[in-house]
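Asker: Just passing along the structure, written as structure tokens.
The values are calculated or read from the model by the stated rules, or taken from the named source; none is laboratory data. Predicted model only: the values in this text are computed from it and were never measured. Cβ placement follows ideal geometry from the backbone for every residue including glycine, while neighbour counts extend to all protein chains displayed. Accessible surface areas use protein heavy atoms only, side chains included; no ligands, DNA or RNA. Shrake-Rupley method; radii C 1.70, N 1.55, O 1.52, S 1.80 Å.
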Amino acid sequence: MYKIIGADQREYGPVPAEQVRKWIAERRANAQTKVWSEGNSEWKTLADLPEFTDALRDLGAVARPAPPKIGALDAEKLAAEIMARDYRVDVGDCFSRSWNLVRDNFWLLAGATAVALVIESALWLVPALGIPVAVLLALVFQGGLQWVFLKRVRGEAADIGGVFAGFSLAFVPLLLAGIVVHVLVGVGLALCIVPGIYLVVSWRMFVPLLILDKGLEFWQAMELSRKVVTKHWWQCFGLFLLAVFVGCIGLLGCFVGIFFTMPIAVGAAVYAYLDIFGAKPAINELLAPPTPGPALAPAAPAKPSPTESAPAEAGSTPSAPAPETSPAPATSPESSSPSAPPAPPSQTEQQNPG
């Protein structure tokens, strides 16, 4: 069951997934509509739930546009903003969403994972230079694989060839990051083990995506990741540990099972990346002031608490005002009872929802 926040900032639901898809088709909900799903403790957007990806794509609403590229100064601003608003890594929720994502895109994501694993494994078998090359290219392939997952999470088209995106989009930064990460982690493990573990968690999960998605240079991405991960290192460590465990479970099935379990581990890391580095306020809000809303738009009421798990009156769906495209007369909410939430604001209004 699901609940959504309409354009009037009122709560609708709980309703089944079919009703939400109907609202999407009627343009009463879109990729940025806030949604709460049964079993989750936080409000997300419909773009975050893979079960609605097809409905959003059919509507022509891309789930979530990629953020603009940022530089060193904006990386510092982003780090400060994340530290100020804080974040939480819900390990179970990341894996739950990843399971749904892989289930709905199994052949693409499993195929991409298989290609990356087979190539990396083959490099290790090459005499002399194979192992050094595999180590140096590890983050290049990791970045490409995560890029495929990120595009699917955002509802964008992706194919197995995206595994090689790291070579075409940011080869040098990813290569340099791979060198520095492995050297410093190796030194940390040799000296005391604990520093090495700290650096692995701080760098390995998110640095490739920060380079590809945010357009950062390798050291900027490493520093941004380290600063932000350090704030809740144990939560990130829990995610990392479970991802390794889930990925390795596949080795028990004559190694074939890893092509089924590894995609889930990769997807969980990608969702954690979005929860930490992609949560609002988005980076474009740091780079430019928000677009003004309509002159007659009412003041925005308070948004629902992320921990809110039930409507004010359990099991009840409030009456909904008419869509914004055909406004109803100014009467009290009790006097009208259409059967669906109002249409969401236009694309320009979404940056400054009312």
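Asker: Applying 1/(1 + (r/R0)^6) with R0 = 25 Å to the Cβ-Cβ distance of residue 187 and residue 248, what FRET efficiency is obtained, to the nearest 0.05? If you can, show how the numbers build up before the last one.
Answerer: Working: r = 25 Å, r/R0 = 1.01.
For R0 = 25 Å, the calculated efficiency reads 0.50.
Asker: So, one more: Taking only the alpha-carbon atoms of segment 134-233, what semi-axes of the equivalent ellipsoid follow from 5 times the gyration tensor eigenvalues under a square root, in whole Å, largest first?
Answerer: Here the semi-axes work out to 24, 15, 11 Å.
Asker: Hey, how many Å between the Cα centroid of segment 226-280 and the Cα centroid of segment 109-127?
Answerer: Answer, in whole Å: 18.
Asker: Right, here's the next one. Using the Kirkwood radius over C-alpha pairs as Rh, can you work out the diffusion coefficient of segment 69-223 via Stokes-Einstein at 20 °C, viscosity 1.002 mPa s, in µm² per second? Walk me through the intermediate numbers first.
Answerer: Working: Rh = 16.7 Å.
The diffusion coefficient I find is 128 µm²/s.
Asker: Next question. Residue 232 to residue 1: extension gain in nm, 0.36 nm per residue of separation minus the Cα-Cα distance? Walk me through the numbers on the way to the answer.
Answerer: Details: separation 231, 0.36 × 231 = 83.16 nm, distance 3.08 nm.
Result: 80.1 nm gained on full extension.
Asker: Related question: For residue 203, what is the net charge nearby, where nearby means another residue's Cβ is under 12 Å from its Cβ and Lys, Arg count +1, Asp, Glu -1? All intermediate terms of the calculation are to be shown ahead of the outcome.
Answerer: Details: positive: 204, 226, 227; negative: 223.
Taking every other residue near residue 203 into account, the sum is +2.
Asker: What are the residues whose amide H is under 5 Å from the amide H of residue 45, where those residues sit 5 or more places off or on another chain and H is modelled from the backbone?
Answerer: Excluding prolines and chain starts, which carry no amide H, the hits are 35.
Asker: Give the accessible surface of segment 111-227 per residue, rounded to a whole number of Å², with probe radius 1.4 Å and ligands, DNA and RNA excluded.
Answerer: Numbers: 4690 Å² over 117 residues.
On a per-residue basis, segment 111-227 sits at 40 Å².
Asker: Which FRET efficiency, nearest 0.05, do residue 22 and residue 159 yield, Cβ-Cβ r, R0 51 Å?
Answerer: On the way: r = 30 Å, r/R0 = 0.60.
Computed FRET efficiency for residue 22 and residue 159: 0.95.
Asker: Residues of segment 152-182 with amide nitrogen under 17 Å from the 7 Å Cα-to-Cβ point of residue 124?
Answerer: 182
Asker: Under the Kirkwood approximation for Rh and a Cα-based Rg, what ratio Rg/Rh is obtained for segment 127-189? Each step should come with its number before you reach the end.
Answerer: On the way: Rg = 13.4 Å, Rh = 12.5 Å.
Radius of gyration relative to Kirkwood radius: 1.07.
Asker: List, in the order given, every pair from 34/77; 77/214; 44/214; 22/44 whose Cα-Cα distance in the structure shown is over 24 Å. Intermediate results must be reported in sequence, preceding the final value.
Answerer: Values: 34/77 26 Å; 77/214 13 Å; 44/214 22 Å; 22/44 19 Å.
Checking Cα-Cα distances, 34/77 exceed 24 Å.
Asker: If you count, for each residue, the other Cβ atoms within 10 Å and average over each peptide, how do 145-156, 107-118 line up from highest to lowest? Kindly include the intermediate steps, with their values, before the conclusion.
Answerer: Working: 145-156: 23.8, 107-118: 19.1.
Packing proxy ranking, top to bottom: 145-156, 107-118.
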